[in-house]
Structure formats: structure tokens, C-alpha cells
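A.B. asks: Take a look at the following structure, please.
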Amino acid sequence: EIFKPAEKKYHSEKAFFFASGKTKRDYDTLLKAAPMVNAEIRIIGPSYSRPSKIPVNVRWIDTSTDPPDQSIDYKTLKDWYSNCSGICIPLTGDLHDTSGYTNMLEGMAMNKPVLMTRSGCLHIDPESSNFGILVEPKDYHGWSNAMNRILNEPNFAYECGINGRKIVEKEFSVERFNRDVVSFITKILQK
């Protein structure tokens, strides 16, 4: 419910993509793709990952050192999730890493297409589950193509968002969790 998308669709004058996260992120590749996309890219990333030269269509905000992250207020963060064209999760491509999972679920919960570097460790991926696009590691052309597809194919982007939300409601809801706990306890009591 925290990430329930707004009832009213909001369309900003300028489209933007949103990326955040500290662990195993490949922001360099995403920044190489940025000049080939007619949209802003908003990144909340660690200062040690910020390159000295940032493309004009990229807005970089350093993460705070205090967890939970306080680099922007929660209302702004929720607005960015709600109003962006898609969630970008550029990863290093480590096949044994689960980084990006939380961002993926947040994007799905907010009805957003998820664009993500291919990772071998997650039990769900955007492409095979029809809620986004996978990009190969270090493939900046893949990133620009993915973002441009979201911008140029609004029906595809909309369907990705709807599909992701359906998965979250079915697999990651409080109701499902409660059913699983009750089922577990019932099995124990029956034994």
C-alpha cells in the first residue's frame, strides 16, 4: 500500500527515468546512454560513483551516508517513482548477485516499466514476466534503446506497468504473506 500508484495519471512536461541504489550499480554505462535519449534521467547514487562529467539531461543527487537514505524527502521520492517513465536499474552484471531486487519491486508496485541489467540470481526478471526490458551488462546502446522504446511505445510501457503491478499484488502482498503464515502454522499443528 505504501507504493500504491496514484489514481490519477500524471504526465510531466518532460519525460524522465529514475534510477537509485548503491550496491553493484553501473551508472557509467547508464550515463553513456543518456545523450541518446530525449528524456531526463534522475539518479540518486553514491558520490564515489558520480563521474566528473555528467550529461546535460542527467540530474545526479548524492545518497546520504545515514541509512535510511535521506538525500531527498520521502514525498519527493514517491513522486519520482509515481511520475517517471520507467525505473532504471543498471547493474554490474554479476551473475551471483541479487542487487536491484528492491528497486525492481518498488517499480513494479508503482506500475512502472522496469529496465534492468541482466542478472542471473533473481527468481523473476522484467522481460520473461512482461513488466520491462533486460539490458546486457555494459551495453549502453541497449540502455538507450530500452529507454527510447519506453518513450516511443506508450502502450508497451503501460502494459509493462500493469503486468508488474499484477505480479506484486499476487506474489508480494500482505494477504499472500498472511495466507502463507497461516498455512505454515496449520501444517505444524497437524503434525
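A.B. asks: Which ³J(HN,Hα) values in Hz, rounded to whole numbers, follow from the phi angles of the stretch 94-99 under the Karplus curve 6.51 cos²θ - 1.76 cosθ + 1.60, where θ = phi - 60° and Gly and Pro get x?
C.D. replies: 3J(HN,Hα) across the stretch 94-99, in whole Hz: 5, 6, 10, 10, 9, 4.
A.B. asks: Still on this structure, please answer the following. Picking from PRO137, PRO90, PRO154, which is most flexible by a Gaussian network model of the chain using Cα springs under 10 Å?
C.D. replies: In this elastic network of the chain, the residue with the biggest mean-square fluctuation among PRO137, PRO90, PRO154 is PRO154.
A.B. asks: I've got another one for you. Check which residues have an amide H placed less than 5 Å from ILE61's amide H, if you skip close sequence neighbours.
C.D. replies: Result for ILE61 returns ILE43, ILE44, GLY45.
A.B. asks: Let me ask something else about it. Residue by residue through the stretch 22-34, what is 3J(HN,Hα) from phi via Karplus (6.51 cos²θ - 1.76 cosθ + 1.60, θ = phi - 60°)? Round to whole Hz and write x for glycine and proline.
C.D. replies: Karplus values, whole Hz, x for Gly and Pro: 10, 8, 6, 8, 10, 5, 4, 5, 4, 5, 5, 7, 3.
A.B. asks: Considering the dipole of the stretch 94-179 built from charges on the beta carbon (Lys and Arg +1, Asp and Glu -1) around the Cα centre, which of PRO126, ILE167, TYR140 is farthest to its positive end?
C.D. replies: Checked the options; the winner is ILE167.
A.B. asks: Something else: Could you check which residue among PHE18, PHE156, PHE177 shows the biggest mean-square fluctuation in a GNM of the chain with a 10 Å Cα cutoff?
C.D. replies: PHE177
A.B. asks: With contacts defined as alpha carbon pairs under 8 Å and 6 or more residues apart, what's the relative contact order of the stretch 56-121 in percent?
C.D. replies: Worked out over the stretch 56-121, it gives 32 percent.
A.B. asks: Counting only protein heavy atoms and using a 1.4 Å probe, what share of the accessible area of the chain belongs to carbon plus sulfur, as a whole percent?
C.D. replies: C and S atoms contribute 53 percent here.
A.B. asks: Mind listing the long-range amide H neighbours of PHE17? Cut-off is under 5 Å, sequence gap 5 or more, other chains count too, H placed in the peptide plane at 1.01 Å from N.
C.D. replies: GLU40, ILE41, ARG42, SER85
A.B. asks: Among ILE89, THR102, TRP60, whose Cα sits farthest toward the positive end of the charge dipole of the chain (+1 at Cβ of Lys/Arg, -1 at Cβ of Asp/Glu, about the Cα centre)?
C.D. replies: THR102
A.B. asks: Same structure, new question: Given a 1.4 angstrom probe, what's the average accessible area per residue across the chain, in square angstrom?
C.D. replies: Accessible area per residue, the chain: 58 Å².
A.B. asks: Kindly flag which residue pairs out of LYS112/LYS170; LYS78/LYS138; LYS14/LYS166; LYS32/LYS166 have an alpha-carbon separation exceeding 23 Å in this structure.
C.D. replies: With Cα atoms farther than 23 Å apart: LYS78/LYS138; LYS14/LYS166; LYS32/LYS166.
A.B. asks: Can you compute 3J(HN,Hα) from phi for each residue in the stretch 168-177, using the Karplus curve 6.51 cos²θ - 1.76 cosθ + 1.60 with θ = phi - 60°, rounded to whole Hz and x for Gly and Pro?
C.D. replies: Values per residue, Gly and Pro as x: 4, 4, 7, 9, 10, 8, 4, 4, 5, 4 Hz.
A.B. asks: Most fluctuating residue of VAL174, VAL37, VAL135 in a GNM of the chain with Cα springs under 10 Å: which is it?
C.D. replies: VAL174
A.B. asks: Distance between the C-alpha centers of the stretch 24-71 and the stretch 105-183? Whole Å please.
C.D. replies: Answer, in whole Å: 21.
The values are calculated or read from the model by the stated rules, or taken from the named source; none is laboratory data. Computed from a predicted structure; not experimentally measured. We place every Cβ from the backbone using ideal geometry, glycine too, and count neighbours over all the protein chains shown. Heavy atoms of the whole protein, side chains included, go into the accessibility calculation; ligands, DNA and RNA do not. Shrake-Rupley method; radii C 1.70, N 1.55, O 1.52, S 1.80 Å.
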